[in-house]
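Beneath this line is the structure, given in structure tokens, with notes to follow.
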Amino acid sequence: MDLNCSKGNLGWTLKKLPSDVNRFVPGKDYTIDLQEKAGFVQQSSGVARDSASEPLFRYVNEERLKSIKTFAAFVSLLDNYETSTGVAEVVTPQEMAENNRFLDAILETEVMKLTHQYLVRKNWSKPSLNDFKSQLYDIWFQLYTRETGKGPDSCGFEHVFVGETKHGKEILGLHNWVQFYLQEKHKQVDYKGYIARRKKSRPDEDDQVLSLQFSWKGLVKPVGSTFIGVSPEFEFALYTIIFLQSQEKVTREMVRLEEYELQIVVYRHGKYIGTAYPVLLSSNNEDLY
């Protein structure tokens, strides 16, 4: 991943990601079945036309998920949360150790080493690796309150990567492909179909950013977007950089990543990440249209 980003008409320019060596390759490490375009659904609706009778993921190389340190450490975090907002979280010593084990694993990767170097040059992070780890822990794992008076019930990691529900009426977050796959495998997620985007009526099986519709915990998310196949460290790197570059409540950054033109959206919840996700706008690869 090239994090020597330059400001241009598109804002951030990210080149090809040779250092994201842990990413999964479409057609090799995973295959997806897009099926049909999802229908329109009102927010807070629990009902959606099912345009996909089969799961989104046909195959994922679970041996890679288990054998790559960052993925294995990431998966261990996914069952650590009470997903209903308004219910205070309790972080056990074991869960805290898992959080630290995950951060230690991603900090060993070239992706996060480049990220740290970039942030230090910008004076957004301190040179000490321990200080950087503490900064990441605060941004992503520090608990905060989404519903006033309910106690600390959320954190950036839970929202973005695990997913939450609000008042039993709305799905919040859940922007990660591994969590989606595992929830789908355990019959907790039901993929309803893809969401078409501007200039492209149908995604491709090897697109690495998708907009989709799904149900989870008896609720429907009308539109959710996620990277597909990328490593946890890649998402942590990208979202952390965009979070730290601005003090605005909402940052929308244009990014060119390989042949894709994206908007990365990051919401700030005080000193912490509220949510973060990609929106695929277009592609300069004519084969994708």
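Cα centroid distance between region 159-238 and region 102-151, in Å? So the separation of the two Cα centres works out to 24 Å. Per-residue surface analysis assigns LEU210 an accessible area of about 10 Å², computed on protein heavy atoms at 1.4 Å probe radius. Each of THR109, LEU244, PHE24 was placed along the dipole of the chain (beta-carbon charges, centred on the mean Cα), and the one lying farthest toward the positive end is LEU244. Overall dimensions of the chain, expressed as equivalent-ellipsoid semi-axes from the Cα gyration tensor (√(5λ), whole Å, largest first), are 27, 24, 19.
Heavy-atom accessible surface of the chain, averaged per residue, reaches 45 Å², computed with a 1.4 Å probe. With a threshold of 23 Å on the Cα-Cα distance, the over-threshold entries among LYS66/LYS122; LYS169/LYS192; LYS69/LYS133; LYS150/LYS271; LYS133/LYS166 are LYS66/LYS122; LYS133/LYS166.
The values are calculated or read from the model by the stated rules, or taken from the named source; none is laboratory data. Source: prediction; values computed, not measured. Positions of Cβ are generated from backbone atoms using ideal geometry, with glycine treated the same way; all protein chains shown enter the neighbour counts. When the accessible area is computed, the model is the full protein with side chains, heavy atoms only, and any ligands, DNA or RNA have been set aside. Shrake-Rupley method; radii C 1.70, N 1.55, O 1.52, S 1.80 Å.
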